């Protein structure tokens, strides 16, 4: 009897269940992606409907409704950012929908304090809405009709400058809110609804062209998201890429988690803003929604590790998790990473809470504002801490040597998405 | 028997192979050199803060910074020091804007070192000082001008950070690396993690020099960007490429646990070619210059491969996440 028990235990330990569950874990990862991109699409369509109403019947109410639809659309989209760095299909595409920061003077009128063209960007103040024809990198551009194709093919990243962002969430955000001229004081952009009014009520000039631009950008956002939903559907290329090689798929999950946690969110988006005291370093700077953008980025990282995503309609997508896979390999590493991810959500939650109670993110960035700096840096430190745990999970799963075999993975994450 | 002896030597080693050597032979001498060079810069500024007097000490301090700028762990990451000392690349022209803002306001923040430490990183460090010393529109300032006080404040602030970095490395972070995997060490849970952290600094440094120091001015074939070369006003763009490669070779040698002929050859080939390029990489806008810069990038790629095979595999580590992940 005793030997039988031992044999059973040995069998359990040697069971190929691990290999099988890798596939299940990857399926959960792909299912969450499909659901989160679909939620992004559903909420972007709602935003599009609100934008159509704003243009058809411009008023303070329809502008406000469009802004609220934009804020809702950001909630699922930010939770998809964890898919960027591990998946080339996502990363090659994401610049179309979420490029940031932008030189908004490319698109529309700006305040005199914005300045004009710079060393870095000679089209920083092009103002397409006011100029139906102009020359770009030596080419004459006919922008009498503002179409999705014009935005996508001619204006976006014009002159090979990344700050020339003509499409995506942040271009739409600028057209709904306008510049935030409050510096490190509280307050978002205050674009008047009359910027979309017809006839003599029109402010800011060229209201019809502004409406055309907004509609074209909104159409593009919807079609770009439709494309990405297809990539994660059954048989879609992004899903297939993740499922086709199990170890590479796990590396994709962990690369996405680690690169977003550390270099992107903790570094580029949060720490740099504090170090520069620059309110334009807010990720959602026109709408003052940065606290939410950070919060839902963090949530997305947690989602893919715990294998659970709460959809926009409240339903839950869940399945075998990366967490359980890591726990099989090393329970301590798993426990530490779960704790770190939860701690990050507490820190990001505190930042969000303070912002919603009135201590806005731009004020946190003010020179010498110690409370703000502490709130942001606590979240940064939590993100850095969880990155170390993610590295330990990579090692625990034994997928860390993949880089040496010439794969563009953890040893050179930039190569994956450049 | 020989194998056994080797195993015993490794077992007796106080830290993971390579880590000890990296600390003693590479890191601590370099943090001390940066401290000394910035002390000289601050002292020079105290005596005479005009541009022509400061330039030589500035160049020396920048040289010394290149000896440690790749050590993006521990003391350099603390308080965002790496950003505050060398804020580059500056994709949105923040240094120009911030320095111009300080000058226009004659911001009294320069009077207090504590307050100046809170100023935007775009208004501090080597790149803000480069504007004052080498931008013709500014560099003619006199001893009583605000710009002179700003230059002094930046120099003093650089020395303060250099001192903190050197002290923290010697008194704290070196021990954290050395005691990796020992009870009570929450930073490095295994000795391998210390080696991985230094290995990541090496691979990230190589990538940065290839993609940023060379890649940014190269831009695209149709749209080269020589005006984006690092520290071009101070005439140091190429010099920084060379010094960074030399520092990284130093680190690679320290981390290596056996012979690394491919790594040595790859570094030599890259440095040999680098010596022939334009000092401020201005000729990347021409076909020939661009071609040479591309070959140099390929030679740095060859270093990356050699390092992965000869050092990464031997240490049993791959690179972790680094601060330049992201876009």
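The values are calculated or read from the model by the stated rules, or taken from the named source; none is laboratory data. The structure displayed is predicted, hence computed values, not measured ones. All Cβ positions, glycine included, derive from the backbone under ideal geometry; neighbour counts span all protein chains shown.
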* For region B:262-282, how many residues meet the condition of being in contact (Cβ under 8 Å) with a residue 40 or more places away in the chain and part of a helix (DSSP H, G or I)? -> 5
* To do: Restricting attention to region B:110-156, report how many residues are under 16 Å from residue A:276 (Cβ atoms) and out of contact with any helix residue (DSSP H, G or I) (no Cβ under 7 Å at 6 or more places or on another chain).
  => 1
* To do: Quick one: which residue in A:116, A:183 is without any contact (Cβ under 8 Å) to a residue 12 or more places away in the chain and surrounded by fewer than 21 Cβ atoms within 10 Å (Cβ to Cβ)?
  => A:116
* **Wholly enclosed helices (runs of 4 or more DSSP H) of region B:109-214 bearing at least 1 residues more than 10 Å from chain A (Cβ to nearest Cβ) and surrounded by fewer than 19 Cβ atoms within 10 Å (Cβ to Cβ)** => B:113-116, B:125-134, B:146-168, B:174-178
* Asked: Quick check: is even one residue across region A:387-395 modelled with pLDDT of 95 or more and more than 12 Å from chain B (Cβ to nearest Cβ)?
  -> no
* To do: Kindly check whether there is at least one residue in region B:81-98 that is buried (at least 19 other Cβ atoms within 10 Å of the Cβ), away from chain A (no Cβ under 14 Å) and out of contact with any strand residue (DSSP E or B) (no Cβ under 7 Å at 6 or more places or on another chain).
  => no
* Give the residue that is nearest to residue B:129 (Cα to Cα), with candidates limited to residues of region B:226-258 that are modelled with pLDDT under 95 and surrounded by fewer than 19 Cβ atoms within 10 Å (Cβ to Cβ). => B:227
* Could you check how many residues of region A:273-313 are modelled with pLDDT of 95 or more and within 14 Å of chain B (Cβ to nearest Cβ)? => 3
* Structure fact -> Per the filter on region A:312-334, residues surrounded by 16 or more Cβ atoms within 10 Å (Cβ to Cβ) and more than 21 Å from residue A:23 (Cβ to Cβ) are A:312, A:333
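Quick check on region B:47-63. Is at least one of its residues within 13 Å of the chain's Cα centre (by Cα), assigned by TED's automatic domain parsing to the domain that holds residue B:148, more than 24 Å from residue A:267 (Cβ to Cβ) and part of a helix (DSSP H, G or I)?
Here is the first cut: in region B:47-63, the residues within 13 Å of the chain's Cα centre (by Cα) are B:61-63.
Those still in the list that are assigned by TED's automatic domain parsing to the domain that holds residue B:148 too: B:61-63.
With the extra rule that they be more than 24 Å from residue A:267 (Cβ to Cβ), the set shrinks to B:61, B:63.
Filter once more, keeping what is part of a helix (DSSP H, G or I): B:61, B:63.
Yes, because at least one residue in region B:47-63 is within 13 Å of the chain's Cα centre (by Cα), assigned by TED's automatic domain parsing to the domain that holds residue B:148, more than 24 Å from residue A:267 (Cβ to Cβ) and part of a helix (DSSP H, G or I).
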* Could you check how many residues of region A:58-117 are under 27 Å from residue A:304 (Cα atoms) and either part of a loop (DSSP other than H, G, I, E, B) or touching a strand residue (DSSP E or B) at 6+ places or on another chain (Cβ under 6 Å) (or both)? => 8
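So that you can scan it fast, the table gives a plain yes or no per residue for (1) within 14 Å of another protein chain (Cβ to nearest Cβ); (2) within 23 Å of the chain's Cα centre (by Cα); (3) in a loop (DSSP other than H, G, I, E, B); (4) under 26 Å from residue B:218 (Cα atoms):
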residue: B:259; (1), (2), (3), (4): no, no, yes, no
residue: B:293; (1), (2), (3), (4): no, yes, no, yes
residue: B:301; (1), (2), (3), (4): yes, yes, no, yes
residue: B:305; (1), (2), (3), (4): yes, yes, no, yes
* Report yes if some residue within region A:337-355 is part of a loop (DSSP other than H, G, I, E, B) and more than 14 Å from chain B (Cβ to nearest Cβ); otherwise report no. => no
* Considering each residue of region A:122-144, count those that are away from every other protein chain (no Cβ under 13 Å), in contact with a helix residue (DSSP H, G or I) (Cβ under 7 Å, 6 or more places away or on another chain) and either assigned to a strand (DSSP E or B) or surrounded by fewer than 17 Cβ atoms within 10 Å (Cβ to Cβ) (or both), and give that number. => 1
* **Selection from region B:231-254 of residues that are assigned to a loop (DSSP other than H, G, I, E, B) and away from every other protein chain (no Cβ under 14 Å)** => B:231, B:234, B:235, B:236
* To do: Go over the candidates B:220, B:204, B:200 one by one and state the one that is in contact (Cβ under 8 Å) with a residue 40 or more places away in the chain and either farther than 22 Å from residue B:62 by Cβ or not assigned by TED's automatic domain parsing to the domain that holds residue B:310 (or both).
  => B:200
* Quickly run through region B:50-80 and pick out the residues that are over 30 Å from residue A:384 (Cα atoms) and crowded, with 23+ Cβ neighbours inside 10 Å. => B:54, B:58
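The rows are residues; the columns are (1) closer than 15 Å to residue A:122 by Cα; (2) not in a loop (DSSP other than H, G, I, E, B).
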position	(1), (2)
A:159	yes, yes
A:165	yes, no
A:170	no, yes
A:173	no, yes
A:181	no, no
A:186	no, no
A:189	no, no
A:194	no, yes
A:200	no, yes
* From the list A:65, A:112, which residue is modelled with pLDDT of 95 or more and more than 14 Å from chain B (Cβ to nearest Cβ)? -> A:65
